[in-house]
Every structure is written in structure tokens, then in C-alpha cells.
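Where a number appears in this text, it was derived from the coordinates with a stated rule and is not lab data. Since the structure is predicted, the reported quantities are computational estimates derived from the model, not experimental observations. Neighbour counts are summed over all protein chains in view; Cβ atoms, including those assigned to glycine, are modelled from backbone coordinates with ideal geometry.
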Amino acid sequence: GAVVSQHPSWVICKSGTSVKIECRSLDFQATTMFWYRQFPKQSLMLMATSNEGSKATYEQGVEKDKFLINHASLTLSTLTVTSAHPEDSSFYICSAPGESGRSYGAYNEQFFGPGTRLTVL
Amino acid sequence: AQKITQTQPGMFVQEKEAVTLDCTYDTSDQSYGLFWYKQPSSGEMIFLIYQGSYDEQNATEGRYSLNFQKARKSANLVISASQLGDSAMYFCAMREGTSGYSTLTFGKGTMLLVSP
């Protein structure tokens, strides 16, 4: 199946600094990528949809000026957490729809990255 | 209203036994897809099984099967012959509409613990 990578896998930073998380599709092109946030023992919540060459679409309640998304190429989307604070500490996961060997009809499978664990001190 | 409901926060099962994880969903779309993912403590999301709304047969993937009851809007995951490595968080998710790029909505998850 298709592979999505994330970098870094974990990061610890001081309050007030900015952190950039990269999401790459390694063996396929992704015009769309999704960014999720997951707090401990909770579900994945969609933050935004990243579109190559255009502005990201943010979910209600997600501050677009705080979570900057740039989808600069067909294989790379970046999420920058600006002026991070302890409440931004979370597990951030990206995903991208792509072709798989499985037959899903109209539905592309979503391939998930391994996630990035952000801790803000 | 929640679109995906998983009513079991945690489940215990003994090794080699079968276990059913519940999932109900809510949608007015005729075309949708239901997914189950496994998330071990490492955090990665592992795809397990998919069921399309128009699929007449229940999906099966190895030890995983999906008990799809469309009229009841339920899509329960059945794991047969549980293994210790099955201990993880399990999420049910739904994609609405016909677009392959539609977003997934996840349930709150069920923590499964398999004991020896």
C-alpha cells in the first residue's frame, strides 16, 4: 500500500516557539491531505484539509492563524503550530487518500502517517 | 448528534476467544463507507476493514469481520481468535458521500485488552 511519513515523530518545545510538522506521501501524489489532532485517550479530530496549490480548509473552531498549513507540492504538506502553548500538546496525524490494492469502488483508501507527538513545556 | 457512536470505552477478552466491538452510525446519505482502524500504543493508525453502504455481503479480512446491519445503522467489528497483539484502541469511522476525498469522522474508540 501507499506510504505516508511524518517528521518529526516527536518534538518537545518551549512555550511561545513555533513548530513545523511535515507530512509526505512517499510513493504517490496527494493533492489533498488531512490533518488530525488527538488528545490523550480521545478520538481523532479533523483540524483541516490541505489542498495542493490552494488555501487549506479549516474545521470550525480551529484557529487558522495558529495552525498554518502549506501544501507546496504534490507530496508534501506542512503544519506549523505558531506560538505553541502547553494546551497545544497533542498527537498530530496526517493522512492522504490514495489508490490501494483493495477494491473500494468510488472510495480511495486514506493512508495515515505515523503521527507526531508534540509536547509544549 | 454524533455521527459515529462507540458505546464500549473498554473491553476485555481472553486470548483465543472472539470479541465484538460495537459501532452505530448516523447519516442521511445513501452512499457512505465504514472503516475500522486499530491504534496501538505507538499511535499509528492501522486499517483493518471496510464496508461500503451498497455492499450486500459483510466484509471479511482474515480474523476481522464486519457485522453490517444497514437498517439498524450498525457496523460491529468481530475479531475471532483474539491474540495478545490485538490489545489496542479500535476506532470506527465513516466517510459520507461518493467522493474519494471525503473526510473521515471517527468514533470515540474502544480500548481492547486481551489477556493470556
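For the reader, a short list of remarks on this structure follows.
- The range A:30-92 - charge dipole about Cα centre, Lys and Arg +1 at Cβ, Asp and Glu -1, debye rounded to 20: 80
- Arranged from fewest to most other beta-carbon atoms within 10 Å of their beta carbon, A:F91, A:F112 become A:F91, A:F112.
- ³J(HN,Hα) computed for each position of the range A:44-61 - Karplus, 6.51 cos²θ - 1.76 cosθ + 1.60, integer Hz, glycine/proline x: 7, 10, 5, 9, 6, 10, 9, 10, 4, x, 9, 6, 6, 9, 9, 6, 4, x
- Measuring max minus min along each principal axis, the C-alpha atoms of the range B:1-76 give extents of 37, 28, 22 Å (largest first).
- Euclidean distance of C-alpha centroids, the range B:33-102 and the range A:17-31, integer Å: 26
- Annotation: the antiparallel percentage among DSSP beta bridges lying fully within the range A:6-121 is about 90.
- Loop chymotrypsin sites (Phe, Trp or Tyr not before Pro), the range B:1-74 (other Cβ atoms within 10 Å of the site Cβ: 13 or fewer; DSSP): B:Y54
- For chain A, modelled as a GNM whose springs connect Cα atoms under 10 angstrom apart, the maximal fluctuation among A:Q60, A:Q42, A:Q29 occurs at A:Q42.
- Residue-by-residue Karplus 3J(HN,Hα) for the range B:52-66, coefficients 6.51, -1.76, 1.60, Hz, glycine and proline x: x, 5, 9, 6, 7, 9, 5, 6, 9, 9, x, 7, 9, 9, 10
- Average beta carbon contacts from partner chains per residue of B:20-26, 10 Å cutoff: 0
- The protein assembly as shown pair-distance distribution - Cα-Cα, 5 Å bins, rounded %: 1, 7, 14, 18, 18, 17, 13, 8, 4, 1, 0
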